[in-house]
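All remarks here apply to the structure that follows.
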Amino acid sequence: MKRVATGLGLLAFLMLLMGGSLSAQVGERPRDSDYTEDAEDAIEDAEDTEDQAEKEAYYRMALQYAEAEIAENQNNPLGYRLAALASLGLSQYQEAGAFFDKANELYPLYELQDQPLRQSTWIDLYNQASPLIGGGDYEGAVAIFEDAHAIFKERPEIMITVAQLYGSLGEYTRSLDFMEQVDGFMSSETAAVADSATMAGWQEQASVLPLLRAQVLAADAQYDAAADAYGVLVAAEPDNLNHLRGLAQVLMEGEREEEALEVYVDLLEQPGLDGETIFAIGVGFYNADDYVNAASAFGKAADLNRTDRDAVEMWARSLNLDSAYSAIPAVAERWVELDPYNQNSWIMLAQAANRDEDAEATQEAMNAASALEVSLDGFQMQRFPRGGARVSGSVTNKVLEEGTPINVVFTFYGDGDVPLGTVAASVSVGATDMSELIDAQFDSAEMVWGYTYELTIG
């Protein structure tokens, strides 16, 4: 996250002033009273002392006097402004922002006086919060950003960032709210009078929001709205495969199956698709019970990356559900080769051989399934978008003594089935027919497309 510079919002504000929109309405005149004079004296004392405890005590005293003035005269803008300055001195940013806003509402000319202070505070808080993002402390960053936003709303950077952070934190309503605030700001007078370079920078930062909005709406199960958002993205970039995938997925989730299938069919015909995209298309067809197209998609994914165990398994399952029995044996054999300790892979091979009336092959496959001391079930690979992957599943004990250690060495492969590295995972089996979770995470800068494994017992 880059540090922000001063001047942009203030420049826009000064230009707005010169346009005369504020000078036309002076509002309530500030008025001195015993309370405001005492508050001003306390603030001056706070600024003059170097002792932090004394400084805080003076600011608290100033806030008490200012609030007393507000209680006695609710239309005196000076009371609110002094309360804002005292709150700011106490680092009570939410309260300070509200007091500043009320003071400016009653006496708009205060904006010219207060704007530099509000913006400089905003910048300080922005630069405090930004490093927290890199450290993964999204909650801490959001708290500081929210304080900054309460103080100053004449720049969109924080609104954009907070919308993203709330999306990552699963706070979808708040994320959408900040996106709406960005939209409002970008069509505001402040944005309209900004210089072209400043506006271009803001627009570039805000360019992530259309996709974010679609993703957040989808995550919040607002599928029709998400479909509309993805539709806008697709209209702007009709060849963007990720947008098309997103559209198809939310259409499917929203039970608009026919529309989703049309998108998936179009997607499958696109040239140059990678294995991950093709696999996702296959999942879409599979979930829609379109096993013909599902098998076609999974088969293409498996042919692109022959170590993509998940694609091979789903290919076999799709063929079976489509009753395409003649095609199953070759695929089932690939599944067994990649997943030799999966009892289901051997059973699928046995069923395929039985349908071919190959009694010998059927018996061999059934014997292999029965001979497994442990079964590895439900294994799936999660690819990380910036490289690396995680494989997780379960180990089921068939005949071993409880507590017997199992060691599984996973080999991960990149594009073109190039080996990238290995990760070992161990677990002690439970009682017979009990399952234990096992997973392995492979960290790499390279994208992972498939994996194999070797298992040792004891």
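Each value in this text was obtained by applying a stated rule to the coordinates, not by laboratory testing. Please read all numbers here as calculations on a predicted model, not as lab measurements. Glycine also receives a Cβ, built like all others from the backbone with ideal geometry; neighbour counts cover every protein chain displayed.
Look at Met159, Met366, Met434, Met252 and count the other Cβ atoms within 10 Å of each Cβ; fewest to most, that gives Met434, Met366, Met252, Met159. Think of the chain as a dipole: +1 on every Lys or Arg Cβ, -1 on every Asp or Glu Cβ, centred on the Cα centre; then among Val292, Val142, Ala389, Val292 lies furthest on the positive end.
Less than 12 Å Cβ to Cβ from Gly167, Lys/Arg counted +1 and Asp/Glu -1: what total charge do the surrounding residues give? After counting each charged neighbour, the total is -1. The stretch between Glu257 and Ala330 holds 23.2 nm of extra length on full extension. This uses 0.36 nm per residue minus the Cα-Cα distance. Residue-wise HN-Hα couplings along the range 322-327, as the Karplus relation 6.51 cos²θ - 1.76 cosθ + 1.60 with θ = phi - 60° gives them from phi, are 7, 6, 8, 5, 5, 8 Hz; Gly and Pro carry x. Rounded to the nearest Å, what's the spacing between the alpha carbon centres of the range 426-458 and the range 267-331? Just the number, please. Going from one Cα centre to the other spans 24 Å. Taken over the range 8-210, the alpha-carbon convex hull comes to 133 cubic angstrom per residue.
Considering only Ala369, Ala42, Gln119, and ranking their Cα positions along the charge dipole of the chain that arises from unit charges at the beta-carbon of Lys, Arg, Asp and Glu, the one farthest toward the positive end is Ala369. For the chain, the longest piece that avoids every one of the trypsin sites (Lys or Arg not before Pro) found in DSSP loops with at most 10 other C-beta atoms within 10 Å covers 4-385. Think of each Lys and Arg Cβ as +1 and each Asp and Glu Cβ as -1; about the Cα centre, that makes the dipole of the range 52-108 roughly 100 debye. The HN-Hα couplings worked out from phi for the range 93-101 by the Karplus form 6.51 cos²θ - 1.76 cosθ + 1.60 (θ = phi - 60°) are 6, 4, 5, 4, x, 5, 5, 4, 4 Hz, whole numbers, x standing for Gly and Pro. So, in nm, how far is label Ser323 from label Asp224 when the simple model puts each one 7 Å beyond its Cα toward the Cβ? The two pseudo-label positions are separated by 3.8 nm.
Between the Cα long axis of helix 138-151 and the first principal axis of the chain there is an angle of about 30°, rounded to the nearest 10.
Counting only residues at least eight positions apart within a chain, or on another chain, the aspartates and glutamates with an alpha carbon under 17 Å from that of Lys153 are Glu95, Asp101, Glu105, Glu111, Asp114, Asp124, Asp177, Glu180, Asp183, Glu189.
Taking amide hydrogens as placed 1.01 Å from N in the peptide plane, the amide H of Phe379 sits under 5 Å from those of Ser394, each at least 5 positions away in sequence or on another chain.
Across the range 375-457, the relative contact order, built from alpha-carbon pairs under 8 Å that are at least six residues apart, equals 38 percent.
Between Gln205 and Leu112, the modelled labels are 2.7 nm apart [label points 7 Å from Cα along Cα→Cβ]. For Gly421, the amide hydrogen comes within under 5 Å of the amide hydrogens of Phe412, counting only partners 5 or more places away or on other chains and with H modelled in the peptide plane. Take every pair of alpha-carbon atoms less than 8 Å apart whose residues are at least six positions apart; their mean separation over the length of the chain yields a relative contact order of 8 percent.
Residue exposure proxy: Asp377, Asp224, ordered by other Cβ atoms within 10 angstrom of their Cβ from fewest to most, comes out as Asp224, Asp377. Dipole of the chain computed with +1 at Lys/Arg Cβ and -1 at Asp/Glu Cβ about the Cα centre; of Gly89, Val312, Leu251, farthest Cα towards the positive end is Val312. Counted by Cβ distance under 13 Å from Glu146, the other residues give a net charge of -3, where Lys and Arg count +1 and Asp and Glu count -1. Taking the square roots of 5 times each eigenvalue of the Cα gyration tensor of the range 375-457, largest first, gives ellipsoid semi-axes of 27, 11, 9 Å. Think of each Lys and Arg Cβ as +1 and each Asp and Glu Cβ as -1; about the Cα centre, that makes the dipole of the chain roughly 820 debye. Coupling constants for the range 108-124 follow from the phi torsions by the Karplus curve (6.51 cos²θ - 1.76 cosθ + 1.60, θ = phi - 60°), and in residue order they are x, 5, 4, 4, 4, 6, 8, 4, x, 5, 5, 5, 5, 5, 4, 5, 4 Hz; glycine and proline get x. With R₀ fixed at 35 Å, the C-beta to C-beta distance from Asp195 to Val292 puts the FRET efficiency at about 0.05.
Estimated from helices alone, the mean residue ellipticity of the chain at 222 nm is -19500 deg cm²/dmol (sum of -39500 (n - 2.57) over DSSP H runs with n ≥ 4, per residue).
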